[in-house]
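Worksheet: one structure, shown below.
The values are calculated or read from the model by the stated rules, or taken from the named source; none is laboratory data. Given the structure is predicted, the values throughout are model-derived calculations rather than measurements. With ideal geometry, Cβ positions are generated from the backbone for all residues, glycine too; neighbour counts draw on all protein chains shown. Side chains are part of the model used for accessible areas, which takes the heavy atoms of the whole protein and leaves out ligands, DNA and RNA. Shrake-Rupley method; radii C 1.70, N 1.55, O 1.52, S 1.80 Å.
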Amino acid sequence: MTDPLVSLPVSKFRESLAQIREWEADLVPAAVLQQRIPGFRAFKGIYKPAGSSHALWIRQTLRGVYSDMKPEYFPDGSWTYRYSPESQEGKLDTNLATNRGLLQCMKDRVPIGVFRQEGDVSGRTMYRVLGLGYIEGFDGSHFTIRGEPINESSEPLGEGVIPPFKPFEFSPTPVETVVRKLRERRFSSIIRELYHEKCSLCEVGYRLHGRSLALEAAHVIPVGQAGITGDIRNGLLLCSNHHALFDAYAWTFDRDFRVRVTKDREFRASALANHVLGWESQRLPNLPTSKTNYPAPEAIEWRLSEFRKQV
Ligand SMILES: [Zn+2]
């Protein structure tokens, strides 16, 4: 899988997109974006650099007049985001330079950067960097933008189609470092979002200066065993403590999401303070809202069989 940015001719444009990709899922102060991203100081909404036929980025501000929606996340680690075109005097005009820039991006498959303003942190205006996205369609009222693909098959899926779960990652060609890094970031950020920024087991979720901390996206089938990173159905969100115990097979869960704890006596005696035993046979209290994003049965079975070997 090669990096599509390589084929972009204008290096300044490419550098900006590469920087936006580097920040994917981060919360970045507006002041930093104004310094590093062209047009961010002066333009709102859609930015198309002068002399370019393509738009470079879009942003949604908290006080925006357009009815943009929240991003939607999918099991294969993709996201979509609907964005309103710019209007003039309350009327949509696809001939506006900015809208034309987005339509050109759609035609030429050139990615754009996507930013969403979040609440202020310590008095600073902050933007969540959604990352790079491709414009998949325009239905007359909204552009649909899809986050750049992180898997081998980048075929766009139809609306509402859930891709089959492939538990293992075997690539015939080495995955480029940039794509691998992106997969890891995407896996973590989507899992964090879908599990409501709380441990799936103990529901702990700390926040400090606008960021959640001590939470980790755990793999059900470990990466070391070729477990897939490009699909969030091989993951769940755990606090650092319960992640370490999960990785050591001290506990796991079954297909009904009921917690199983090792029979190891020493562990059980030492785990009292860790509250793990309190959840034994209970259902994991924190799971994604949609069942389609739950850990996949194949992954759960794989871990359960490893867990049984350790008991
Ligand atoms: Zn926990």
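Filtering Ser53, Ser16, Ser11, Ser7 for residues that are farther than 23 Å from Ile190 by Cα and touching a strand residue (DSSP E or B) at 6+ places or on another chain (Cβ under 8 Å) leaves a single hit, Ser16. When Val121, Val178, Val129 are checked against the criterion of being within 30 Å of Arg211 (Cβ to Cβ) and at pLDDT 95 or above, Val129 stands alone in meeting it.
Condition first: more than 20 Å from Gly64 (Cα to Cα) and among the basic types (Lys, Arg). Now tell me which residues in the range 101-139 satisfy that. Across the range 101-139, the qualifying residues are Lys107, Arg109. Here Ala273 meets each of (1) small (Gly, Ala, Ser); (2) within 29 Å of Arg180 (Cβ to Cβ); (3) within 16 Å of the ligand (Cβ to nearest atom) with one exception, condition (2).
So for the range 234-247 (the condition being more than 14 Å from the ligand (Cβ to nearest atom), without any contact (Cβ under 8 Å) to a residue 60 or more places away in the chain and surrounded by 15 or more Cβ atoms within 10 Å (Cβ to Cβ)), does at least one residue qualify? Spell out the reasoning first.
If we filter the range 234-247 for residues that are more than 14 Å from the ligand (Cβ to nearest atom), which is where we start, we get 234-235.
Next cut, without any contact (Cβ under 8 Å) to a residue 60 or more places away in the chain only: none.
No, the range 234-247 has no match at all.
Restricting attention to the range 285-309, which residues are within 13 Å of Gly235 (Cβ to Cβ) and among the aliphatic types (A, V, I, L, M)? Leu287, Ala296, Ala299, Ile300, listed by residue number. Just one residue in the set Gly230, Gly224 is within 23 Å of Ile150 (Cα to Cα), exposed (fewer than 14 other Cβ atoms within 10 Å of the Cβ) and more than 16 Å from the ligand (Cβ to nearest atom); that residue is Gly224. Within the range 261-311, the set of residues being over 16 Å from Ala248 (Cβ atoms), of a type in the set (S, T, N, Q) and in contact with a helix residue (DSSP H, G or I) (Cβ under 9 Å, 6 or more places away or on another chain) comprises Thr289, Ser290, Thr292, Asn293. Restricting the range 189-221 to residues that are more than 14 Å from the ligand (Cβ to nearest atom) and without any contact (Cβ under 8 Å) to a residue 40 or more places away in the chain, the residue that is surrounded by the most Cβ atoms within 10 Å (Cβ to Cβ) is His219.
Of the helices (runs of 4 or more DSSP H) lying entirely inside the range 8-114, those containing at least 1 residues that are farther than 30 Å from Pro295 by Cα and more than 26 Å from the chain's Cα centre (by Cα) span 11-22, 97-108.
Inspect the range 164-186 for any residue being among the charged types (D, E, K, R), within 22 Å of Pro295 (Cα to Cα) and open to solvent by less than 50 Å² (accessible area, probe 1.4 Å) and give the result as yes or no. Yes: the range 164-186 contains one or more residues that are among the charged types (D, E, K, R), within 22 Å of Pro295 (Cα to Cα) and open to solvent by less than 50 Å² (accessible area, probe 1.4 Å). Of all the numbered requirements in (1) outside any loop (DSSP other than H, G, I, E, B); (2) modelled with pLDDT of 95 or more; (3) within 13 Å of the ligand (Cβ to nearest atom), Pro285 misses one, and that requirement is (1). Annotation: of all residues in the range 86-135 being of a type in the set (Gly, Ala, Ser) and within 20 Å of Ser16 (Cβ to Cβ), the one that is most open to solvent (accessible area, probe 1.4 Å) is Ala97.
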